[in-house]
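Asks: Have a look at this one.
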Amino acid sequence: MNDTATPGFSLERELDRHWRRWVAVAWLVIAAYWLYQRWGGITWLALSDTDDNMRLMQVRALLAGQDWYDLRQYRMNPPEGFDIHWSRLVDLPIAGLILLLKPLIGVAWAERIAVGVAPLLPFGAALAAIAVTARRLIAPVAWPLAIIFLFGCTATLLMFMPLRIDHHGWQLACLAWTVAGLADRDGARGGMTVGVSSAVSLTIGLELLPYCAMAGAIVTLRWVWARDEAARLSRYALALGTGSATGFLLFASHANRALVCDALTPVWLSVMVAAGVLLALLARTSPTTRTTRLALAAGAGAIIVAGFATLFPQCLGRPENVSPELYRLWLGNVREAKPIFAHPLRVTIPLAAVPVIGLIGAVVSAWRTTDPTRRTGWVAIALFTAFAVAMLAWQVRAGPAAQLLGLIGATSLAWRVLPRLIEHPSIIVRVGGSVAAFMLLSGLFTGLVIRELRIDPPSRRAQVVSAANRRCAGLASLRLLDRQPAGLMFTHVDLGPRLITTTHHDAVAGPYHRNGDAILDVHHAFSGSAAQAQQIIARHHASYLLTCPNMAETTVYRVRAPDGFYSQLVAGRVPAWLRPVKLPAGAPYRLWRIDHSGMAEADVPRRSELNGGTNL
């Protein structure tokens, strides 16, 4: 478009030519609103998720001088601590913000601002990727509609909210750029984008490993279908192999250099490097016939699978490699690890709406487009979205990624439908039809439906549990515990990370599979007899026993063991070796000091100075 040919201001021209500027403006406006909206939570350091609390503790440890490659959390199950399977990559922006702000506002407020701002950084990266994909596949000025439709992806947006400092936001940003790479007409650039984003995602964690594998399969299938896709496959292979190796060398902890299955360890590094080498060879040879290319791709896949099964048989099951007992008592009961059909309708409807609509939109767009290159991109997006919808039947934690992948297809469908409704001669259709279509295709209708029809509302018991979870994790409540001398608290698994983040006390366990023995100890203690609990607690040299009545985890103990130790405490049957500690009125906890009078002097618990204190 020539400026001299169309003088004056044109919104369409502005959104096309200066889209980067306006995406940045959109990010700044949304970020400012979110910070304003969540300022109360930032002020109270309301890190509601256990992983967010542990991430902050990991950053504190790094800033306190803990070794770059030592990701052991020494304030959990001290003095040995336990390894966290994450990497330091996501710690960097949080630590950088704290270091930048600390001289100006002090450590406590620097932490608060950092945990508020840090999640907005991957959100900006994701917005840019969404805009790029919309421009490539839908229309140059369709990107604002895609950003608006993003607000129907409620599960996705939660991963970018202030205080959500765990790594999921960064992985979703990587996934958004993977989609942008698949939609790129420039094969070499697109392949490089997919390879780099996959390598970064794997360096952060393995949560999106299935999506990375699917992206690689789509890139390979494009080459099978069209020989001129060799440049895309070659650059993808190079970026995946070298990027994964670089991520491993820079960020893999000491513990992750063993042959374990739950992170980017030598196990998965071998797979990525081997895949990169084999795919690069395929791209280099590129036989002329499609059948030959398909046979070679299948052979490469078979080599990788057979090699993995032969060299790393311990990783053929779940990557956590937990014991059957730990899976039965704990991991198998984690809600986000259950399939979507195991959840109430108030969860499943909002979670599945955008992915399903997006899949329909991607299929329609692939069918209706007349541009062969764009059709190839839409086929790739349709395959990816279909895969994401299928993943929901495995674990509901796939929801944020599935919504993100469905976004572009849903936007494309609206881009086709809304103009026809807006231009309709009937005002009823123009207004009512447009609003209804917008609400339906964006997924925003789900919240209204559930609220107005009262679909599957939470029970009174669920409301009580939710209130207890909030109160027991609240900073005001936890500060009451700091009135007691510092010590090791034997408490619920889900309370452990929050406890060590906000108080000077240590905890025995947190909900992390590498902490499996300690998790089992907590479950055995609360579900077994009082005598068994005494033995377990004494073995950990705990100073206190802390419970939070009605917290979600406690319902497991009461149902599983109605006459177990926890149920006895609730009924007021407290053994003599527990001495009640008086807490202020309104405190949501019950606290006892443990009588260690029978313990030898050598059994006095030791405390590590690493990960030091709190900054509250």
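The values are calculated or read from the model by the stated rules, or taken from the named source; none is laboratory data. Keep in mind the model is a prediction, meaning the values are calculated, not measured. In this analysis, Cβ positions are derived from the backbone assuming ideal geometry, glycine residues included, and neighbour counts consider all displayed protein chains.
Asks: Do we find that R232 is surrounded by fewer than 19 Cβ atoms within 10 Å (Cβ to Cβ), among the basic types (K, R) and more than 22 Å from the chain's Cα centre (by Cα) in this structure? Break it down stepwise before answering.
Replies: Values: surrounded by fewer than 19 Cβ atoms within 10 Å (Cβ to Cβ): no; among the basic types (K, R): yes; more than 22 Å from the chain's Cα centre (by Cα): yes.
Taking the combined requirement at face value, the residue does not satisfy it.
Asks: Okay, moving on. When the range 184-197 is examined, which residues are found to be crowded, with 24+ Cβ neighbours inside 10 Å and more than 24 Å from the chain's Cα centre (by Cα)? Reasoning before the result, please.
Replies: Going residue by residue through the range 184-197, those that are crowded, with 24+ Cβ neighbours inside 10 Å are 190-191, 193-195, 197.
Hits for the range 184-197 are G190, G191.
Asks: A further question follows. Checking R185 against (1) touching a Leu at 6+ places or on another chain (Cβ under 9 Å); (2) outside any helix (DSSP H, G or I); (3) under 28 Å from R416 (Cα atoms), which single condition isn't satisfied?
Replies: If we test R185 against (1) touching a Leu at 6+ places or on another chain (Cβ under 9 Å); (2) outside any helix (DSSP H, G or I); (3) under 28 Å from R416 (Cα atoms), just (1) comes out false.
Asks: Of the conditions (1) in contact with a Gly (Cβ under 9 Å, 6 or more places away or on another chain); (2) over 25 Å from V379 (Cβ atoms); (3) in a helix (DSSP H, G or I), C261 satisfies every one except a single condition; which number is it?
Replies: (3)
Asks: Being among the acidic types (D, E) and over 29 Å from V267 (Cα atoms) narrows it down to one of D67, D16, D52, so name that one. Step through it out loud before you land on a result.
Replies: Working: D67 fails: over 29 Å from V267 (Cα atoms); D52 fails: over 29 Å from V267 (Cα atoms).
Result: D16 is the single residue among D67, D16, D52 that is among the acidic types (D, E) and over 29 Å from V267 (Cα atoms).
Asks: Then there's this: Looking only at the range 519-544, which residues are farther than 21 Å from G81 by Cβ, of a type outside the set (S, T, Y) and more than 31 Å from the chain's Cα centre (by Cα)? Step through it out loud before you land on a result.
Replies: To start, the set of residues in the range 519-544 that are farther than 21 Å from G81 by Cβ comprises 526-535.
Okay, now just the ones that are also of a type outside the set (S, T, Y), so 526, 528, 530-535.
Matches in the range 519-544: G528, A530, A531, Q532, A533, Q534, Q535.
Asks: Would you call F149 among the aromatic types (F, W, Y), in a helix (DSSP H, G or I) and out of contact with any Ser or Thr (no Cβ under 9 Å at 6 or more places or on another chain)? Talk me through it step by step, then tell me what you get.
Replies: Values: among the aromatic types (F, W, Y): yes; in a helix (DSSP H, G or I): yes; out of contact with any Ser or Thr (no Cβ under 9 Å at 6 or more places or on another chain): no.
No; evaluated as a whole, the condition is false for this residue.
Asks: So, one more: Being surrounded by 22 or more Cβ atoms within 10 Å (Cβ to Cβ) and small (G, A, S) is true for just one of A531, A542. Which residue is that? Break it down stepwise before answering.
Replies: Numbers: A531 fails: surrounded by 22 or more Cβ atoms within 10 Å (Cβ to Cβ).
It is A542.
Asks: Next question. Find all pairs meeting these conditions: Cβ atoms under 8 angstrom apart; at least six residues apart or on different chains; first residue within the range 201-228 and of a type in the set (V, I, T); second residue not in a helix (DSSP H, G or I).
Replies: Between residues of the range 201-228 that are of a type in the set (V, I, T) and residues that are not in a helix (DSSP H, G or I), the close pairs are T203/S87; T203/L89; T203/L264; I204/W86; I204/S87; I204/L89; I204/V90; I204/H167.
Asks: Filter the range 403-447 down to residues that are surrounded by fewer than 24 Cβ atoms within 10 Å (Cβ to Cβ), in contact with a Phe, Trp or Tyr (Cβ under 9 Å, 6 or more places away or on another chain) and assigned to a loop (DSSP other than H, G, I, E, B), then give me how many there are.
Replies: Residues flagged as surrounded by fewer than 24 Cβ atoms within 10 Å (Cβ to Cβ), in contact with a Phe, Trp or Tyr (Cβ under 9 Å, 6 or more places away or on another chain) and assigned to a loop (DSSP other than H, G, I, E, B) within the range 403-447 amount to 1.
Asks: Please tell me if R328 is assigned to a loop (DSSP other than H, G, I, E, B) and either assigned by TED's automatic domain parsing to the domain that holds T554 or of a type outside the set (A, V, I, L, M) (or both). Please lay out each step first, then the result.
Replies: Working: assigned to a loop (DSSP other than H, G, I, E, B): no; either assigned by TED's automatic domain parsing to the domain that holds T554 or of a type outside the set (A, V, I, L, M) (or both): yes.
Answer is no for this residue.
Asks: Let me ask another. Among the residues of the range 38-48, is any more than 30 Å from G487 (Cβ to Cβ) and surrounded by 12 or more Cβ atoms within 10 Å (Cβ to Cβ)? It would help to see each step written out before you state the result.
Replies: Taking the range 38-48 first, the residues more than 30 Å from G487 (Cβ to Cβ) are 38-40.
Restricting the remaining residues to those that are surrounded by 12 or more Cβ atoms within 10 Å (Cβ to Cβ) gives 38-39.
Yes, that holds for at least one residue.
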